[in-house]
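*Asks:* Please see the structure below; I have some questions.
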Amino acid sequence: MADPIKLTVSEVITETPDACSLVFEQAFPYRPGQFLTLRIPSDRTGSVARCYSLCSSPQVDGHPAITVKRTPDGYASNWICDNAKPGTTFEALGPAGVFTPRSLDGDLLLLAAGSGITPIMSIIKSTLAAGAGGLVLLYANRDEQSVIFRDRLRALTERHPDRLTVIHWLESVQGLPSAAHVRALTAPFDPAEVMICGPKPFMSIARTAMDLPKSRVHLERFVSLGGNPFDDATPTSSDDSRASTVEVVLDGERRRLRWPAQTRLLDLFLENGLAAPYSCREGACSACACRLVSGEVKMLNNEVLEQEDLDEGIILACQSLPVTDTIEISYE
Ligand SMILES: Cc1cc2nc3c(=O)[nH]c(=O)nc-3n(C[C@H](O)[C@H](O)[C@H](O)COP(=O)(O)OP(=O)(O)OC[C@H]3O[C@@H](n4cnc5c(N)ncnc54)[C@H](O)[C@@H]3O)c2cc1C
Ligand code: FES
C-alpha cells in the first residue's frame, strides 16, 4: 500500500445541520473530483475506512478540505461530525479516483444530490479559476436547510453569471425528481461532459435522463468500503505454474515481475513491496487505477471505469488478471 499520510484538522465548518467540512493543515497535489480514504477509529473493530471527496480546489484553496454528511445510523460519518475538531489527526490514503473532467475548458453539465455536491464543488471552483468551460449545475436536496454550499454557490453565480448556472431542486417543494424532470431541465444544454454524483436512486434517474454516450458521462458512487485497506494486506495469490511477465513503472522505478495467472495485479505488487495505491479492493473506487501500456488483462469486476477510460488503457489493478504473456503497466 502507498504509505498513509497523516492529516491534521485545522478547521471544522458547519455547513448544514447534518454536514460539516474539515479543512486540513497539510497540502498535497490532487485533481478536482478526487477523494481521500480516512481511517476512523472504532472501539469495535479498531478502525473503519471511508472515502470522502475533496470539496476544495487545488487551483483555488491553499488547504485541502472534505465535506461529510451524516448518514442516518451510519458509523463513520457521525463519528466525524461528532468528534472532529482542530487538532484531530487522521491517517489517510489518497488522493485517488478518476471523477475528473477531461478538460476544464469544455462545457460541463453537473448533476448532484445531497453530499454528492462535494466533488462537484471542487470541479466548479477549479473550472471557474483555471478553465474556460461553461457550467450548469442541477442540484437536488431534501429542503432548503439541507443545501450544502448554498451561499458559496450563490456568490459564485453572482461573480460568474455568464459561466455558472445553478438550478436548485427541493424535494420539500417539488417532490422527488424524475428522469423526465431532469431531462426537461437539462435539455437546452449540450455539454462536452456530464458529471453525476449523489445517492443511488438519484444517480440512476440522472443517468437514465442523459441521452448521451457513456464516454461523455462520469459517475461517482458514494458507497461505504466493505474491507479496510489500512489493515495488513492479505495477498490472495496462489502459486500456480502458469504465469505472465509484467513490467511496471511506479514512482519513477521500473520493475519486472513474474505474474501468476490467478493472482490479481495489486496483490502481486503488494507482495513484491511496491507502494501501489488502493482503497476498496472491490473494483468500486478507482484508487488503484493504472495504465495498460501493452498486452492484455482481464478485469473481474469494474463498477467505476467508463468505456472511455478503458479505451485509454486505464485498468483497475485490484481486479486484473493477466491474459497475454507479456504486459506493461504504468502509474506515471
Ligand atoms: C469515492 C467516494 C467518495 C465519497 N465522498 C463522500 C463525501 O464527499 N461526503 C460524504 O458524506 N460521503 C462520501 N462518501 C460516502 C462515505 O464514504 C460513506 O459511505 C458515508 O459517510 C457513510 O458511512 P457511515 O460509516 O457513516 O455509514 P455506514 O457505512 O452505513 O455505516 C454503517 C456501518 O458501520 C458499521 N459500524 C457501526 N458501528 C460501528 C463501530 N462502532 N465500529 C465499526 N463499525 C461499525 C456497521 O456494521 C455498518 O456496516 C463517498 C464514498 C465514495 C466511495
Ligand atoms: S482499489 Fe478500489 S477499485 Fe481497486
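The values are calculated or read from the model by the stated rules, or taken from the named source; none is laboratory data. What you see is a predicted model, and the numbers here were worked out from it, not measured in a lab. Don't worry about glycine lacking a Cβ; one is built from the backbone with ideal geometry, like all the others, and counts go over all protein chains shown. The protein model used for the area step is the full one, side chains on, heavy atoms only, and it has no ligands, DNA or RNA in it. Shrake-Rupley method; radii C 1.70, N 1.55, O 1.52, S 1.80 Å.
*Asks:* Expressed in nm², what is the orientationally averaged projection area of the convex hull enclosing the Cα positions of the stretch 69-149?
*Replies:* On the way: hull surface 28.7 nm².
Directional mean of the projected Cα hull area for the stretch 69-149 stands at 7.2 nm².
*Asks:* Only bridges with both residues in the chain count here: give the DSSP antiparallel percent, nearest 5.
*Replies:* On the way: 44 of 72 bridges.
Here the share of antiparallel DSSP bridges comes out near 60 percent.
*Asks:* Pull up the DSSP beta bridges for the stretch 243-330 and report the antiparallel fraction as a percent, rounded to 5. List each step's numbers first, then the result.
*Replies:* Working: 17 of 22 bridges.
Counting only bridges with both partners in the stretch 243-330, antiparallel ones make up about 75 percent.
*Asks:* Anything in the chain that counts as a DSSP H helix reaching 18 Å or more along its axis (C-alpha) with Kyte-Doolittle mean of at least -1.0? List them, would you? Don't jump to the answer; show the numbers that get you there.
*Replies:* Values: long enough: 117-130 (19 Å, 1.34).
Qualifying helices: 117-130.
*Asks:* Would you work out what percent of the accessible area of the chain, with all protein chains in place, is carbon or sulfur (probe 1.4 Å)?
*Replies:* 48 percent
*Asks:* Scale the Cα Rg of the stretch 222-332 by the rule-of-thumb value 2.2 N^0.38 Å and send over the ratio, two decimals. Write out the running numbers ahead of the final one.
*Replies:* Working: Rg = 13.1 Å, N = 111, 2.2 N^0.38 = 13.2 Å.
That works out to 0.99 for the stretch 222-332.
*Asks:* Follow-up. Could you give the length gained by full extension between residue 88 and residue 165, i.e. 0.36 nm per residue of separation minus their alpha carbon distance, to one decimal place? Don't skip to the answer; put the middle values down first.
*Replies:* Values: separation 77, 0.36 × 77 = 27.72 nm, distance 3.66 nm.
So the chain would gain 24.1 nm between residue 88 and residue 165.
*Asks:* Hey, how many Å between the Cα centroid of the stretch 246-308 and the Cα centroid of the stretch 117-193?
*Replies:* A separation of 35 Å, based on Cα centres.
*Asks:* Same structure, new question: Please work out whether the stretch 108-221 counts as rounded, prolate or oblate from its C-alpha gyration tensor, where a ≥ b ≥ c are the square roots of the eigenvalues and a/c under 1.5 means rounded, while otherwise a/b larger than b/c means prolate and anything else oblate?
*Replies:* oblate
*Asks:* Further question: Just to check I understand the Karplus step: with θ = phi - 60° and J = 6.51 cos²θ - 1.76 cosθ + 1.60, what whole-Hz values come out for the stretch 28-35, glycine and proline as x?
*Replies:* So the Karplus estimates, Gly and Pro as x, are 7, x, 7, 9, x, x, 7, 10 Hz.
*Asks:* Let me ask something additional. Not counting ligands, DNA or RNA, and with a 1.4 Å probe, what is residue 125's accessible surface area in Å² rounded to the nearest 10?
*Replies:* 40 Å²
*Asks:* Suppose R0 equals 35 Å. What FRET efficiency, 1/(1 + (r/R0)^6) with r the Cβ-Cβ distance, do residue 324 and residue 189 give to the nearest 0.05? Provide the component values of the computation, followed by the final result.
*Replies:* Values: r = 42 Å, r/R0 = 1.21.
In this case the efficiency is close to 0.25.
*Asks:* Taking the Cα centre of the stretch 243-330 as origin and charging only Cβ (+1 Lys, Arg; -1 Asp, Glu), how large is the dipole, in debye to the nearest 20?
*Replies:* My answer is approximately 420 debye.
*Asks:* Still on this structure: Please report, to one decimal in angstroms, the Kirkwood hydrodynamic radius of the chain built from all distinct Cα-Cα pairs. Can you show the working numbers first?
*Replies:* Values: mean 1/r = 0.0481 Å⁻¹.
Roughly 20.8 Å, rounded to one decimal.
*Asks:* Which whole-Hz couplings ³J(HN,Hα) result when phi for each residue of the stretch 59-74 is put into the Karplus expression 6.51 cos²θ - 1.76 cosθ + 1.60, θ = phi - 60°, listed in order with x for Gly and Pro?
*Replies:* 7, 10, 9, x, 10, x, 8, 10, 10, 10, 10, 4, 8, x, 6, x
*Asks:* What is the total of Lys pairs in the chain with C-alpha atoms under 30 Å apart, excluding same-chain pairs fewer than 8 positions apart?
*Replies:* Lysine pairs meeting both conditions in the chain amount to 13.
*Asks:* Next question. Per residue, how many Å² of accessible area does the chain show with a 1.4 Å probe?
*Replies:* On the way: 14920 Å² over 332 residues.
That works out to 45 Å² per residue.
*Asks:* Top mean-square fluctuation among 52, 75, 30, Gaussian network model of the chain, C-alpha springs under 10 Å?
*Replies:* 75
*Asks:* Additional query: Per DSSP H run of n ≥ 4, the term is -39500 (n - 2.57); total these for the chain, divide by its residue number, and report the mean residue ellipticity at 222 nm rounded to 500 deg cm²/dmol.
*Replies:* Numbers: 8 runs with 66 residues, N = 332.
Mean residue ellipticity, 222 nm, calculated: -5500 deg cm²/dmol.
*Asks:* Here's a follow-up. Pick out which of 209, 130, 112 has the largest mean-square fluctuation in a Gaussian network model of the chain, springs linking Cα atoms closer than 10 Å.
*Replies:* The residue with the greatest mean-square fluctuation here is 130.
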